[in-house]
Amino acid sequence: MSPHLLLVTGSGRSGTSSVAGALKRLGLHVPQPEVPADEKNPRGYYEPEWVTEFHKRVLNPVPVRTIDTRPTAGAIAAEAGSRPEVEAELREWLGGQLDAEQILVKDPRAFWILPVWTRVAAELGASVSTLTMLRHPTEVVRSRDSAYLTEQTPTFRRQRETANIAAWVNAAFETERSTRSLDRAFVRYADLLADWRTALHRAGTQAGLTYNADLRTEAPHEVDDFIDAKLNRSAISWDDIAVPAQLRDLAERTWQAMNTLVDSPHDEAAIADLAGLQEEYVELFDFAEAIAMDATTARVAAGRRDVRRKKDAQLDELRLELASARAETSERKPFWRR
């Protein structure tokens, strides 16, 4: 049997770690070593360390964020991921990971450069499917930023929440588009916590996975102790998030369309709806960029002035050191004149 590669993606704080941990316990192999658990995620990330560093090397220089507001971010990331050296690096690593029948690679950034993953996997004889976690954007944003924004000003909070909602919307479009040609599954975080057997049985059928247990039964499994319904602590509504009404409406309609894909991953009507919503988003982004043009120009100019000031200060310091060195040298008499 040829190896099967499952790529798990979704916005940060959408349950990707929970689903990856459950899938590992159901028999899928996570390449080692993994990113270690920490205070932010004490149950573990289930991300191969090499993969997270690989995506950083490809995307950080561009730069493209894990979720990015720019409609052009997908094209920018795709270009970065298409470089021959990127493909060669991935081929060398992935070629050494295909001994297992089912390989689980989880990283929320994977959708940005999915073509290089599918191309390299196909060359190595592996099939590819994807699993995308879905969580309402208000819960994602509050889960990401609640602690960070507590002590911030209302203006900063509004800017941060608006940017993160916009980035969630843009990432939803890019994820749907990039996974469309593959076997794929979409899993709601709330469904995973409420009834993981039903959610993962459906996802496994859609993504072509096999498990070490029959999820149609209630037989005890170690996933029962891993999935904790209390993890879904966010009871957040749009009233709790400071975003413009037009963006809120667009995000809610995007959420509803993405939900259709849970039961029917290639639903043509939902895909068409998402394409139309993406057009609305691009227009909204263009207007927002135009409105903020003077502020953006001023910040860029201020940044350049700051860079020049720092360079001038460094040059002045070097000149003083040089003058001091020259003065010290001139005060020294050659030994034959002493």
Within segment 123-139, the residues that are open to solvent by less than 10 Å² (accessible area, probe 1.4 Å) and among the hydroxyl-bearing types (Ser, Thr, Tyr) are Ser129, Thr130, Thr132, Thr138
Is it true that some residue in segment 36-53 is farther than 27 Å from Leu124 by Cα, buried (at least 20 other Cβ atoms within 10 Å of the Cβ), modelled with pLDDT of 95 or more and among the hydroxyl-bearing types (Ser, Thr, Tyr)?
no
Counting only residues that are aliphatic (A, V, I, L, M) and under 13 Å from Asp263 (Cβ atoms), how many does segment 174-213 have?
4
Look at segment 18-69 and say how many of its residues are within 18 Å of Ile227 (Cα to Cα), free of Cβ contacts under 8 Å to residues at least 40 places away in the same chain and basic (Lys, Arg).
1
Would you mind finding the one in Ala100, Ala88 that is assigned to a loop (DSSP other than H, G, I, E, B) and either over 21 Å from Phe173 (Cβ atoms) or under 12 Å from the mean Cα position of the chain (by Cα) (or both)?
Ala100
Just the residues that are of a type in the set (Gly, Ala, Ser), surrounded by 18 or more Cβ atoms within 10 Å (Cβ to Cβ) and in contact with a strand residue (DSSP E or B) (Cβ under 7 Å, 6 or more places away or on another chain), please, taken from segment 169-216.
Ala185, Ala199, Ala203, Ala207
Ala213 being touching a residue at least 24 places away in the same chain (Cβ under 8 Å), within 21 Å of Ser11 (Cβ to Cβ) and of a type in the set (A, V, I, L, M):
no
With respect to Ala295, determine if the residue is of a type outside the set (Val, Ile, Thr), within 31 Å of the chain's Cα centre (by Cα), in a helix (DSSP H, G or I) and surrounded by 10 or more Cβ atoms within 10 Å (Cβ to Cβ).
no
Out of Ala207, Ala245, I need the residue that is without any contact (Cβ under 8 Å) to a residue 12 or more places away in the chain and among the hydrophobic types (A, V, I, L, M, F, W, C). Which one?
Ala245
Within segment 250-264, track down each residue that is polar (S, T, N, Q), assigned to a helix (DSSP H, G or I) and open to solvent by 30 Å² or more (accessible area, probe 1.4 Å).
Gln256, Thr260
Scan of segment 8-27 for residues that are outside any helix (DSSP H, G or I) and farther than 13 Å from Ala185 by Cα, ordered by number
Ser11, Gly12, Arg13, Ser14, Gly15, Leu26, Gly27
Filtered residues of segment 57-115 (kept if surrounded by 17 or more Cβ atoms within 10 Å (Cβ to Cβ) and aromatic (Phe, Trp, Tyr))
Phe111, Trp112
For segment 200-249, enumerate the residues that are at pLDDT 95 or above, touching a helix residue (DSSP H, G or I) at 6+ places or on another chain (Cβ under 7 Å) and not in a loop (DSSP other than H, G, I, E, B).
Leu200, Val223, Phe226, Gln246, Leu247, Arg248
Could you figure out which of (1) under 22 Å from Leu5 (Cα atoms); (2) open to solvent by 20 Å² or more (accessible area, probe 1.4 Å); (3) outside any loop (DSSP other than H, G, I, E, B) isn't true of Val120?
(2)
Where Asp145 falls short, out of the listed (1) modelled with pLDDT of 95 or more; (2) surrounded by 16 or more Cβ atoms within 10 Å (Cβ to Cβ)
(1)
Quick one: would you say Asp267 is without any contact (Cβ under 8 Å) to a residue 24 or more places away in the chain, surrounded by 11 or more Cβ atoms within 10 Å (Cβ to Cβ), out of contact with any Pro (no Cβ under 6 Å at 6 or more places or on another chain) and farther than 25 Å from Arg158 by Cβ?
yes
Looking at (1) more than 25 Å from the chain's Cα centre (by Cα); (2) at pLDDT 85 or above, can you tell me which one Leu320 breaks?
(2)
Output for Cβ contacts, cut-off 8 Å, separation at least six or different chains, first residue on the phi < 0 side of the Ramachandran plot and free of Cβ contacts under 8 Å to residues at least 60 places away in the same chain in segment 70-93, second among the aromatic types (Phe, Trp, Tyr) and in a helix (DSSP H, G or I), reads Ala77/Trp112; Ala78/Trp112; Gly81/Trp112; Glu89/Phe54; Leu90/Phe54; Leu90/Trp117; Trp93/Trp50; Trp93/Phe54
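The values are calculated or read from the model by the stated rules, or taken from the named source; none is laboratory data. None of these values were measured; they are calculated from a predicted model. Positions of Cβ are generated from backbone atoms using ideal geometry, with glycine treated the same way; all protein chains shown enter the neighbour counts. Ligands, DNA and RNA are stripped out before the accessible areas are found, and what is left, the full protein with its side chains, is counted by its heavy atoms. Shrake-Rupley method; radii C 1.70, N 1.55, O 1.52, S 1.80 Å.
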